[in-house]
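Structure first, then comments.
The values are calculated or read from the model by the stated rules, or taken from the named source; none is laboratory data. What you are looking at is a predicted structure, and each value in this text was computed from that prediction instead of being measured. A quick note on method: Cβ atoms are made from the backbone with ideal geometry, for glycine too, and the neighbour counts reach across all protein chains shown. Side chains are part of the model used for accessible areas, which takes the heavy atoms of the whole protein and leaves out ligands, DNA and RNA. Shrake-Rupley method; radii C 1.70, N 1.55, O 1.52, S 1.80 Å.
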Amino acid sequence: VLSNEDAFEKTAYAWSTWKKWILLTVVALCQTSMNFNTAVYSNAVPQINEHFGIKNARMGMVAFLVAYAFGCELWAPWSEEVGRWIIMQLSLGFVNVSIIICALGVNFPMIIAGRVIGGLSSAGGSVTLGMVADMFHPEEQQHAVLWASLWSCLGAVIGGICGGPIQQYLTWRWNFWIQLIFTCATQVIHFFIAKETRSTVMLDWEAKKQREQGHEVYGPNEVKDPKERWNPKEIFKTMWRPYEMLLFEPIVLFLSLLSGFADALIFSFFESYGYVFEQWDFNPTQISLALLPLAGSYVLAYLSFFPIVKQHNTRRRNGETLSPETRLWWLLFQVVLLPLGLLGGAFVATGPPLHWSGVIIFSILVGMANYSIYYATVDYMVAAYGEYSASATGGNGFARDFLAAMCALYTGPMFKKFGIQRTNILLFGLALGFCVPVYIFYFKGPEIRKRSKFASELAGKKEEKTNEKN
């Protein structure tokens with residue numbers, strides 16, 4: 001039975017750096033298109049309300065994001081069984097069908113149905129981060145995770161930037177046709193350029209080739225009993241694991257809540273910017289352009305991690321074994337930008353005679369914090385949970401999407417009831433509370449992981465492997 005060690009050159013780990021980064025860029029495009037579809041809908045809300053004579057078109061945002069939270073977890077286990085490439089193709093194909101349903105919608109329930117199907121069909125970060133893990137070992141994957149995280153965050157902001165001109169100059173149906181054009185182009189690029197990365201699937205292929213040459217060789221999936229492999233109990237166990245870790249692992253729970261809160265803030269920006277910048281008489285296109293510095297803040301945060309990753313790699317080359325908690329070090333300084341940005345925004349977003357640029361400056365701090373939180377928490381979970389990292393990061397993704405969905409329900413009423421300044425001060429207080437676990441896990445992480453069911457099991461397996469090698 002072939003293992004990674006037997007046919008290492010046939011796995012994605014053995015690919016050239018150039019080939020890996022081509023695929024990473026395709027992965028980034030897939031991630032961007034999915035998050036673009038999430039955010040750009042926000043700009044169709046006023047027109048859909050007017051067209052159908054309703055007031056609740058924003059529920060289309062909620063429907064998509066709640067379904068997306070569950071969709072990520074539905075697709076990820078199957079990508080591990082049947083392969084990443086086919087799962088991404090199926091996901092993108094169903095997303096395209098869902099967009100067509102929305103674009104041709106004759107009533108609002110039809111649009112809701114399309115958005116729910118679209119959310120459930122979006123494979124999201126669970127699969128794309130799995131593809132990163134297929135190509136890079138944990139000690140080598142930081143730059144790859146940085147790149148995937150950047151485009152995951154940028155996708156939503158690009159949707160917000162494009163949404164304003166679409167809203168101002170086109171009808172609401174064009175909002176969906178443009179989503180369709182982007183996702184179709186993504187699927188075509190993925191079809192022709194992307195390759196399978198899942199090692200078990202690639203080893204199955206290699207085993208078949210060797211059997212044709214007369215060798216008695218089998219792949220890891222080929223020797224599994226189909227009844228055992230497709231057992232409903234085992235499938236449920238696999239699909240329940242992300243939720244189990246989110247509920248019962250303190251590291252996953254509290255860091256996912258922080259990550260979800262930060263992401264919800266970005267989605268609330270898409271609506272709150274309307275209230276804030278109308279004080280300066282901004283039109284929809286100008287409001288969208290105000291999101292450009294937010295996109296720039298993600299790039300700044302992305303680049304800020306380069307010296308940290310370089311230092312970690314140097315220490316590893318010198319023979320030092322780094323604890324997973326070292327991956328949270330830079331976040332200790334970046335996470336405080338979240339409450340600082342909200343507090344500063346509370347005092348500059350009150351309208352003329354103050355200049356609108358003050359809002360932009362403090363939004364950059366929030367954007368840098370959001371990216372840093374997403375990347376560092378994912379990187380830490382991958383290092384802390386090893387083979388269970390897909391489930392840990394899946395719980396993180398679920399929290400981000402679910403809390404972002406909830407923000408569509410409370411953002412408008414909250415800004416109308418409390419006003420811009422008091423709302424930002426309230427969010428500042430919440431942000432302070434959510435930031436505390438980062439410091440707790442950095443200093444007390446090893447003790448907490450010792451009491452973790454999954455982390456302690458992983459530590460036992462590592463020790464067993466070390467003994468076998470010795």
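Quick look at the numbers
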read-out: Some residue of segment 195-206 being in a helix (DSSP H, G or I), among the charged types (D, E, K, R), at pLDDT below 90 and out of contact with any Phe, Trp or Tyr (no Cβ under 7 Å at 6 or more places or on another chain); value: no
read-out: Any pair with Cβ under 9 angstrom, 6 or more apart, that starts in segment 128-148 at a residue that is under 20 Å from His190 (Cα atoms) and ends at one that is of a type in the set (Asp, Glu); value: Gly130/Glu80; Asp134/Glu196; Val145/Asp379
read-out: Selected residue (only one of Gly105, Gly71, Gly118 is closer than 30 Å to Ile54 by Cβ, without any contact (Cβ under 8 Å) to a residue 40 or more places away in the chain and buried (at least 18 other Cβ atoms within 10 Å of the Cβ)); value: Gly105
read-out: In segment 20-60, residue surrounded by the fewest Cβ atoms within 10 Å (Cβ to Cβ) [restricted to those that are farther than 20 Å from Gly160 by Cα and aliphatic (A, V, I, L, M)]; value: Ile54
read-out: Residue match in segment 389-396 (condition: modelled with pLDDT of 85 or more and assigned to a helix (DSSP H, G or I)); value: no
read-out: Count of residues meeting criterion [within 24 Å of Gly395 (Cβ to Cβ) and not charged (D, E, K, R)] in segment 199-246; value: 13
read-out: Flag if Val188 is over 17 Å from Gly118 (Cβ atoms) and modelled with pLDDT under 95; value: no
read-out: Pairs where the first residue, in segment 423-444, is touching a residue at least 60 places away in the same chain (Cβ under 8 Å) and of a type in the set (Ser, Thr, Tyr) and the second is open to solvent by 60 Å² or more (accessible area, probe 1.4 Å) and outside any helix (DSSP H, G or I), C-beta under 8 Å, 6+ apart; value: Tyr442/Trp329
read-out: Listing of helices (runs of 4 or more DSSP H) fully contained in segment 247-364 that carry 1 or more residues being touching a residue at least 60 places away in the same chain (Cβ under 8 Å), open to solvent by less than 20 Å² (accessible area, probe 1.4 Å) and more than 23 Å from Asn35 (Cα to Cα); value: 250-277, 306-317, 331-334, 337-348
read-out: Residue match in segment 407-430 (condition: modelled with pLDDT under 85, among the polar types (S, T, N, Q), surrounded by 13 or more Cβ atoms within 10 Å (Cβ to Cβ) and farther than 24 Å from Ser272 by Cβ); value: no
read-out: Output for segment 223-236, where each listed residue is touching a residue at least 24 places away in the same chain (Cβ under 8 Å) and either surrounded by 14 or more Cβ atoms within 10 Å (Cβ to Cβ) or not in a helix (DSSP H, G or I) (or both); value: Val223, Ile235
